[in-house]
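In what follows, a single structure is set out as structure tokens and then discussed.
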Amino acid sequence: MISEKMTDALNGQINKEMYSAYLYMSMSAHCTNVGLDGFANWFMVQYQEEMFHAMKLYDYINDQGEKVVLEAIEQPPTDFGTTLEMFEATLEHEQFITKSINDLVYLATEERDYATQIFLQWYVTEQIEEEGNDNEIIAKLKLIGDDGNGLFTIDRELAARVYTPPAEE
Ligand code: FEO
């Protein structure tokens, strides 16, 4: 059993994760459109990760006997500037998600909702990885600057990313 307030907040997080999926899908489409297929692949894998994040919340609300309520998903941008600007926007978005997860943990703590606190730990850890991935790519993009060959190399690296669903603990 979880409170109505907690259920509403978790439903809100489903929407944020779905928006994240939508945002990264839009970034992937943009990258494909400008010929950066490796970047496009990286963002499409990210899209799949976000769908997993949303579905994990979906299952948790159902398991708790509460009702999943889906809200409208906002339209994401369609133009993203340079690859560096795109990853800076990605990091900024992930920092927003981290804050949102922290707010959920705060609420669960306030409500002495231990089950949700434990459930949310997975997201706390996941966000470290999410921000870490973005920081790593931003550092590389800053390093290459305007070098087209460097961009080509990073594009090839990002083409190798494969989606692996996290093991259920
Ligand atoms: Fe679901 Fe990228 O946070």
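Residues checked against (1) at pLDDT 95 or above; (2) outside any helix (DSSP H, G or I); (3) aliphatic (A, V, I, L, M):
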residue	(1), (2), (3)
Leu91	yes, no, yes
Leu107	yes, no, yes
Thr125	yes, no, no
Gly132	yes, no, no
Lys142	yes, no, no
Thr153	yes, no, no
Arg156	yes, no, no
Thr164	no, yes, no
Glu169	no, yes, no
message: Take Lys67 and tell me if it is outside any helix (DSSP H, G or I), surrounded by fewer than 16 Cβ atoms within 10 Å (Cβ to Cβ) and among the charged types (D, E, K, R).
response: yes
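Just the residues that are open to solvent by 10 Å² or more (accessible area, probe 1.4 Å), assigned to a helix (DSSP H, G or I) and either in contact with a His (Cβ under 7 Å, 6 or more places away or on another chain) or not β-branched (Val, Ile, Thr) (or both), please, taken from segment 24-47. Full working, then the answer.
In the first step, residues of segment 24-47 are kept if they are open to solvent by 10 Å² or more (accessible area, probe 1.4 Å); the result is 25-26, 29-30, 32-37, 41-42, 44, 47.
Subset that is assigned to a helix (DSSP H, G or I): 25-26, 29-30, 32-33, 37, 41-42, 44, 47.
Listed by number, the residues that qualify are Met25, Ser26, Ala29, His30, Asn33, Asp37, Asn41, Trp42, Met44, Tyr47.
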message: Among the residues of segment 81-91, are any within 13 Å of the ligand (Cβ to nearest atom), open to solvent by 30 Å² or more (accessible area, probe 1.4 Å) and small (Gly, Ala, Ser)?
response: yes
- request: Pull up segment 133-156, narrow it to residues that are of a type in the set (Gly, Ala, Ser) and surrounded by fewer than 11 Cβ atoms within 10 Å (Cβ to Cβ), then point me to the one that is nearest to the chain's Cα centre (by Cα).
  value: Ala139
message: Would you confirm whether or not segment 48-59 contains a residue that is open to solvent by less than 60 Å² (accessible area, probe 1.4 Å) and away from the ligand (no atom under 13 Å from the Cβ)?
response: no
statement: Of the listed residues (Ala159, Ala108), the one being touching a residue at least 24 places away in the same chain (Cβ under 8 Å), away from the ligand (no atom under 12 Å from the Cβ) and open to solvent by 50 Å² or more (accessible area, probe 1.4 Å) is Ala159
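Conditions tested, residue by residue: (1) closer than 18 Å to Asn11 by Cα; (2) within 16 Å of the ligand (Cβ to nearest atom).
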{"residue": "Lys99", "(1), (2)": "yes, yes"}
{"residue": "Ile118", "(1), (2)": "yes, no"}
{"residue": "Glu129", "(1), (2)": "no, yes"}
{"residue": "Gly132", "(1), (2)": "no, yes"}
{"residue": "Asn135", "(1), (2)": "no, yes"}
{"residue": "Ile138", "(1), (2)": "no, yes"}
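The values are calculated or read from the model by the stated rules, or taken from the named source; none is laboratory data. Please read all numbers here as calculations on a predicted model, not as lab measurements. Counting neighbours? That spans all protein chains shown, and the Cβs are built from the backbone with ideal geometry, glycine included. Areas reflect the complete protein model, heavy atoms only, side chains present, ligands, DNA and RNA absent. Shrake-Rupley method; radii C 1.70, N 1.55, O 1.52, S 1.80 Å.
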